[in-house]
Structures are given as structure tokens and as C-alpha cells.
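The values are calculated or read from the model by the stated rules, or taken from the named source; none is laboratory data. Given the structure is predicted, the values throughout are model-derived calculations rather than measurements. With ideal geometry, Cβ positions are generated from the backbone for all residues, glycine too; neighbour counts draw on all protein chains shown.
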Amino acid sequence: MDYSLITVGSILTAMSIVSFMIPNNIIAGGVSGLAIIVYRVFGLWVGAQMFVYNIVLFLLAFVTLGVGFGMKSIYSAVLMSLSVDLLQKLSFPVFDASSTQDGFLLVAIYGGVIAGAGMGLVLWRGASTGGTDIVAMILSKYVGFSTGTGLLISDSLITLLAVVVFGPIAAMYGIITIFTTSKTIDGIIEGIGNTRTAFVISKESEAIKEKVINEMERGTTIIKATGGFSGEDRPVLMVSIRRREIGQLRHIVKTTDRRAFVVVVNNSEVFGEGFKDLS
């Protein structure tokens, strides 16, 4: 089931890149945005570039962060890269923004929605599309930026490069695409807030706690509770996470205790280590 949805998500994202972004020079950050810029300047295949960039970034993450992204993430990155070049080679239908009024705005919206739906499916099933997320993690560790700030910096640099190559108008539509993609991802993974708090009730709470701490690098809180039906003491594991980490937590719980009971709630705000500063 996971790989089926990751496959659909990766291909949807590739379709958006080929149909909307490449033909109209829409740069929505990430390795795909950098690949489109290089494609227009030097003529190198977009998918092949994405493949090389992602492999380099995965290896860099392993060396600098000690992070193993797992087969799902590698599968998604490789499939997306291959799909982009294959769809281009098969002359997949493209949308020419200049052929209709407000064409570039339509491209930014439709392209962002389709890409967001694809990326949302990938993230929902516990995988990662790699790319500038990895750059953000490296900046977070070695420079002290938050992951969100690191992501903003890396994507902004690519957008700035787009301004130089394609002009400010194309870059503006790229920003609209980034916004649309982000909101669609939120909708796919459920909820609008950026953070969630999960409550996990399981007989294997100790094992789940260790995996959350070691694999997700998130703190946990154990709440003493009593089962209303059984009357047995049953600890409740509470952990606050970011939206994109829901899939990873779900995978940890599923592989540790399939009979666990999990409640995930939206947060208005979270302050403290790993989230916003109290100041």
C-alpha cells in the first residue's frame, strides 16, 4: 500500500513538472527548479539532473548527519527523476501559458496543486522527496538555523537564480506555485497547522519511545493513565512533531505494535526546543 501511493505521488509530481513547470519556466525551488534552470541554459535532461542532485544530497546527508532515509525515500527520488525524462521523451501533453489569458497564473495554480498532491502522498506514507529538505537539515545542524529557515534560504537562492535567468515575472509565478504546493500538501496530510501532538497508547510504549527519541530526535512525555474498561495502568506517550513527521511516527508505531491506539491533534502553536522560541 505504501509503495503504491508513493508511486502515484512520485508520478503525479513528475507530471506537474513536465506539463506545467518545464515548458513555462516556472521555478518552484527545490532540485527540480535548479534542474529546469540548468536545462534551459545548457540543455541537460531535467530528470537526469534531479537523479544526480538527489543521490549527492542523500550521500551528503549520510556523511554529515548520519541519516539513513530508507528505501521509500530513495525509491521516490529515483522514480520521480526517471518519470520526468520518460514523460518528456514520450512527448507528454504540456500546457502553454502563452496560449490563454492569465495562462501563467493557471500554470502556477494547477501545477502547484498537482505537485502538492503528489508530494503530499509521498510524505503521508513516510517517505521523503529529498532535495532542499536535506540542505535545510545540514544548515540547521552546522549553522544553527531552524529547518524551516534553512529550507527558505535554499529555495530562495534558487528563486533568485531564476530571476537572473528568466526575469522577475517568472520568479513571481514560481513563488505562487510554492505557496499552492505547500497548501495542497497540508490538505493531503490533513489539517492546516504545521505541528501536531500525538498520543500513543501501547503495551510497547517503551520501545516506541526509544525509536521516537533515537530515529526522530524528538522528546517525549509519559503520562500515567488507567484504562477505563480494563482498569489497568497504561502509560500514554505524548510527542509533539511537525506535519511532515506524521508518516515517520506512523511507521514507527505500526512496525512496533499494530494494536496501538494513536490520537493525533492539531496544535495552534508549540514553543520550546525543536519548535518556536519562547522569546
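Suppose the filter is modelled with pLDDT of 75 or more, outside any helix (DSSP H, G or I) and under 18 Å from A35 (Cβ atoms); does V94 pass it? Yes, satisfied. Does the stretch 88-101 include one or more residues that are aromatic (F, W, Y) and closer than 19 Å to T184 by Cα? No: the stretch 88-101 contains no residue that is aromatic (F, W, Y) and closer than 19 Å to T184 by Cα. Looking at the stretch 137-154, can you tell me whether even one residue there is modelled with pLDDT under 80, at positive phi and in the same structural domain as M15 (by TED's automatic domain parsing)? Yes, the stretch 137-154 has at least one match.
So that you can scan it fast, the table gives a plain yes or no per residue for (1) without any contact (Cβ under 8 Å) to a residue 60 or more places away in the chain; (2) closer than 27 Å to E245 by Cβ; (3) charged (D, E, K, R); (4) outside any helix (DSSP H, G or I):
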site: D155; (1), (2), (3), (4): no, yes, yes, no
site: L160; (1), (2), (3), (4): yes, no, no, no
site: V163; (1), (2), (3), (4): yes, no, no, no
site: I178; (1), (2), (3), (4): no, yes, no, no
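Checked against (1) crowded, with 21+ Cβ neighbours inside 10 Å; (2) over 23 Å from G112 (Cα atoms); (3) of a type in the set (V, I, T), V46 passes all but a single condition, namely (2). Looking at F261, F229, F271, just one residue is modelled with pLDDT of 90 or more and surrounded by fewer than 13 Cβ atoms within 10 Å (Cβ to Cβ), and that residue is F261.
Taking V52 as the residue in question, decide whether it is within 16 Å of T129 (Cβ to Cβ), in the same structural domain as L157 (by TED's automatic domain parsing) and free of Cβ contacts under 8 Å to residues at least 12 places away in the same chain. Spelling it out, V52 is indeed within 16 Å of T129 (Cβ to Cβ), in the same structural domain as L157 (by TED's automatic domain parsing) and free of Cβ contacts under 8 Å to residues at least 12 places away in the same chain.
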